[in-house]
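Chemist: Handing you a structure now.
The values are calculated or read from the model by the stated rules, or taken from the named source; none is laboratory data. Here the structure is a predicted model, which means the values were calculated and not measured. Every residue, glycine among them, receives a Cβ derived from its backbone with ideal geometry; neighbour counts consider all protein chains shown.
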Amino acid sequence: MREGLRATGPADRAGTVPARRYDFLVAAALVLLAPGYLLLPAGRPESLAYTALVVACALVLLAVVAASPARRPWRLLVLTQLLFTTAEVVTAHLDLVGASPSPSPADVFFLAGQVAQFLAVLRLLPAPRGGLRRGSMLDVVVVTGSVGMLFVVYTVLPALDGSREELLARLVAAAYPVADIAVVFLLVRTTGWRSGRPGAFWWLTAGLLASVVADVTVAVLVAAGQAEQPRWARLLWLVFYACVTAAACSPSAPRLGRPPVADRPGAPLVRLPLLGTAALLPPLAGVLEHLVPGAGDHGVALGIVTVVVVALVLVRLWDLLRVTRSQAALVERLAETDPLTGLPNRRAWDAEVARVFASARAGGPVSVAIVDLDHFKAYNDTRGHDGGDDLLVRAARAWTHALPGVFLARWGGEEFTVLLPGVAAHTALGVLRAVHDSVPDGQTCSIGVATWDGAEVPPAVLARADAALYRAKRTGRDRTVVDGGHPLERAG
């Protein structure tokens with residue numbers, strides 16, 4: 001058995017040694033024994049059977065964790081289960097001798113186990129690397145706040161009524177769902193993960209949820225004056241013990257305790273139902289109070305809870321809008337940026353040219369230049385594509401530095417475009433001399449320039465600049481040619 005419960009190793013992951021699924025064995029045992037437990041007569045037989053099953057789960061859990069060094073993070077959970085088991089044994093003993101103090105000595109072990117359970121789950125389900133994002137934390141606050149405040153309304157507030165003896169019993173009963181609020185917090189927090197949910201995670205989650213439902217049920221019944229625990233609630237606690245044991249027996253148990261990967265900003269679909277449920281819980285509770293006779297009247301308290309939860313949801317919606325706008329702005333920047341050089345691309349160039357031409361119709365020259373790296377194909381063939389890409393990047397960086405405040409874009413391939421508002425052709429020649437002087441790695445460039453006539457469309461101006469560029473290349477390269485003008489060789 002000790003060998004079968006070891007941590008999954010490389011051979012297991014490769015498929016050469018199949019992992020033994022003792023977690024399924026534990027679950028199957030619970031499924032087979034549950035009907036018999038439900039059919040047992042109330043009293044001593046049921047109490048002894050329940051306690052025996054709890055002790056069996058604790059012993060299996062202890063053996064599994066002790067046999068596997070890889071399950072070291074589970075040791076605190078073993079302590080938790082031992083505390084709970086001790087409490088169950090004390091409770092069974094009190095039932096056998098006919099004593100039923102409320103609160104009882106067992107509550108000390110139960111509440112100590114709740115504290116240990118919180119620390120154990122926090123250890124096994126740690127925060128993602130880098131912490132939870134703000135959106136994920138808001139989701140956790142919304143869900144935990146909604147559930148927690150309902151716990152307070154239906155378990156803690158009723159404890160304020162009654163005698164001192166009843167008050168103590170109700171406060172102890174209310175302490176369990178208050179502790180469960182912390183468990184809900186830890187579980188909701190995992191919806192902000194992008195990874196880290198192996199099979200053991202789901203076993204542990206199922207057990208904790210079963211425990212929360214059972215605790216809340218008993219707390220509500222105690223608040224209503226019913227001390228007897230329903231059989232199905234005790235069955236849920238058995239589900240809790242069995243699922244925790246199955247989680248430790250799972251081959252994926254050693255993977256818990258490692259920091260998972262945080263989810264991306266936004267609202268993953270898995271959290272949308274949680275947010276919707278959290279927002280609807282308080283008003284639904286108020287509706288049920290009016291529909292169910294004797295359900296109580298907590299209208300004011302539920303109204304306050306609803307206002308708080310709606311406010312939290314609105315904060316979350318504001319955060320979603322902020323993330324959406326930020327992502328839209330990022331997408332827009334990426335759509336207008338050349339991925340290699342980081343310069344504006346052709347799309348950004350078209351938008352900027354249209355804007356500048358529209359504002360320049362009142363008067364003032366606008367010049368457009370196309371810059372082409374000479375013999376780039378030969379350079380690319382000699383240095384390789386990486387060398388050619390490096391030349392483009394260094395040229396873009398050098399020209400950006402040489403033309404501060406000037407709109408420089410990558411047109412395509414080895415061609416770049418320069419927009420010079422307020423600059424006439426003769427002035428453009430002097431400005432563009434800096435482009436010739438800053439070509440990296442001893443290379444040269446050819447430039448064609450055209451000045452807008454105040455009426456033509458932007459593509460027509462660019463076509464004239466392109467024609468001037470080809471004249472510069474035909475007449476020897478390494479020069480600037482103005483459309484309709486004469487070649488201007490670069491000064492040595």
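Chemist: Can you tell me which of 312, 302, 340, 288 is surrounded by fewer than 17 Cβ atoms within 10 Å (Cβ to Cβ) and part of a helix (DSSP H, G or I)? Spell out the reasoning first.
Modeler: Values: 312 fails: surrounded by fewer than 17 Cβ atoms within 10 Å (Cβ to Cβ); 302 fails: surrounded by fewer than 17 Cβ atoms within 10 Å (Cβ to Cβ); 340 fails: part of a helix (DSSP H, G or I).
Within the list 312, 302, 340, 288, the selection yields 288.
Chemist: Follow-up question, since we're still on this one. For the stretch 366-419, which residues satisfy the criterion of being of a type in the set (Lys, Arg), surrounded by fewer than 19 Cβ atoms within 10 Å (Cβ to Cβ) and touching an Asp or Glu at 6+ places or on another chain (Cβ under 9 Å)? If you could, list the steps in order and put the result at the bottom.
Modeler: Here is the first cut: in the stretch 366-419, the ones of a type in the set (Lys, Arg) are 377, 383, 394, 397, 410.
Now restrict to residues that are surrounded by fewer than 19 Cβ atoms within 10 Å (Cβ to Cβ): 377, 383, 394, 397.
Residues satisfying the conditions are 377, 383, 394.
Chemist: Of these, 323, 353, which one is crowded, with 18+ Cβ neighbours inside 10 Å and either touching a residue at least 60 places away in the same chain (Cβ under 8 Å) or outside any helix (DSSP H, G or I) (or both)? Before you say what the answer is, go through the steps one by one.
Modeler: Values: 323 fails: crowded, with 18+ Cβ neighbours inside 10 Å.
Just a single option satisfies the conditions, and that option is 353.
Chemist: In the stretch 41-48, is there at least one residue being assigned to a loop (DSSP other than H, G, I, E, B) and at pLDDT 85 or above?
Modeler: At the first step, the residues of the stretch 41-48 found to be assigned to a loop (DSSP other than H, G, I, E, B) are 41-43.
From what is left, the residues that are at pLDDT 85 or above are 41.
Within the stretch 41-48, one or more residues are assigned to a loop (DSSP other than H, G, I, E, B) and at pLDDT 85 or above.
Chemist: I'd like to know if the stretch 254-261 contains one or more residues that are modelled with pLDDT of 85 or more, part of a helix (DSSP H, G or I) and either in the same structural domain as residue 39 (by TED's automatic domain parsing) or touching a strand residue (DSSP E or B) at 6+ places or on another chain (Cβ under 6 Å) (or both). Talk me through it step by step, then tell me what you get.
Modeler: First, the residues of the stretch 254-261 that are modelled with pLDDT of 85 or more: 254-256.
This time we only want the ones that are part of a helix (DSSP H, G or I), so: 254-255.
If we keep only those that are either in the same structural domain as residue 39 (by TED's automatic domain parsing) or touching a strand residue (DSSP E or B) at 6+ places or on another chain (Cβ under 6 Å) (or both) as well, we get 254-255.
The answer is yes; a qualifying residue exists.
Chemist: In addition: Residues 54, 64, 26: which one is surrounded by 14 or more Cβ atoms within 10 Å (Cβ to Cβ), within 19 Å of residue 249 (Cα to Cα), modelled with pLDDT under 90 and not small (Gly, Ala, Ser)? Working first, answer last.
Modeler: Working: 54 fails: modelled with pLDDT under 90; 64 fails: modelled with pLDDT under 90.
Only one candidate qualifies: 26.
Chemist: Another one. With the requirement that a residue be of a type in the set (Val, Ile, Thr) and under 36 Å from the mean Cα position of the chain (by Cα), what does the stretch 335-382 give you?
Modeler: Initial filter on the stretch 335-382 (of a type in the set (Val, Ile, Thr)): 337, 341, 353, 356, 366, 368, 370-371, 382.
Result: 337, 341.
Chemist: Follow-up. How many residues, within the stretch 59-71, are in a helix (DSSP H, G or I) and either among the acidic types (Asp, Glu) or in contact (Cβ under 8 Å) with a residue 60 or more places away in the chain (or both)? Full working, then the answer.
Modeler: Our first condition is that a residue be in a helix (DSSP H, G or I); within the stretch 59-71, this holds for 59-67, 69-71.
Going one step further and asking which of them are either among the acidic types (Asp, Glu) or in contact (Cβ under 8 Å) with a residue 60 or more places away in the chain (or both), we end up with 60-61, 63-65, 67, 69-71.
Final tally of qualifying residues: 9.
Chemist: Condition check: at pLDDT below 90, part of a loop (DSSP other than H, G, I, E, B) and of a type in the set (A, V, I, L, M, F, W, C). Does residue 99 satisfy that? It would help to see each step written out before you state the result.
Modeler: On the way: at pLDDT below 90: yes; part of a loop (DSSP other than H, G, I, E, B): yes; of a type in the set (A, V, I, L, M, F, W, C): yes.
So residue 99 passes the test.
Chemist: In addition: Please work out if residue 435 is within 15 Å of residue 368 (Cα to Cα) and out of contact with any Ser or Thr (no Cβ under 7 Å at 6 or more places or on another chain). Steps first, please.
Modeler: Working: within 15 Å of residue 368 (Cα to Cα): yes; out of contact with any Ser or Thr (no Cβ under 7 Å at 6 or more places or on another chain): yes.
In short, yes.
Chemist: Free of Cβ contacts under 8 Å to residues at least 12 places away in the same chain and either surrounded by fewer than 19 Cβ atoms within 10 Å (Cβ to Cβ) or in contact with a Leu (Cβ under 9 Å, 6 or more places away or on another chain) (or both): is that true of residue 101 in this structure? Walk me through it before giving the result.
Modeler: Working: free of Cβ contacts under 8 Å to residues at least 12 places away in the same chain: yes; either surrounded by fewer than 19 Cβ atoms within 10 Å (Cβ to Cβ) or in contact with a Leu (Cβ under 9 Å, 6 or more places away or on another chain) (or both): yes.
In short, yes.
Chemist: Here is a further query. Just to verify a result, which residue in the stretch 170-215, among those that are modelled with pLDDT under 70 and outside any loop (DSSP other than H, G, I, E, B), is nearest to residue 87 (Cα to Cα)? Please lay out each step first, then the result.
Modeler: Going residue by residue through the stretch 170-215, those that are modelled with pLDDT under 70 are 170, 173-174, 191-196.
Still in the list and also outside any loop (DSSP other than H, G, I, E, B): 170, 173-174, 191-193.
On the way: 170: 18, 173: 14, 174: 17, 191: 32, 192: 34, 193: 34 Å.
If we take residues in the stretch 170-215 being modelled with pLDDT under 70 and outside any loop (DSSP other than H, G, I, E, B), then 173 is nearest to residue 87 (Cα to Cα).
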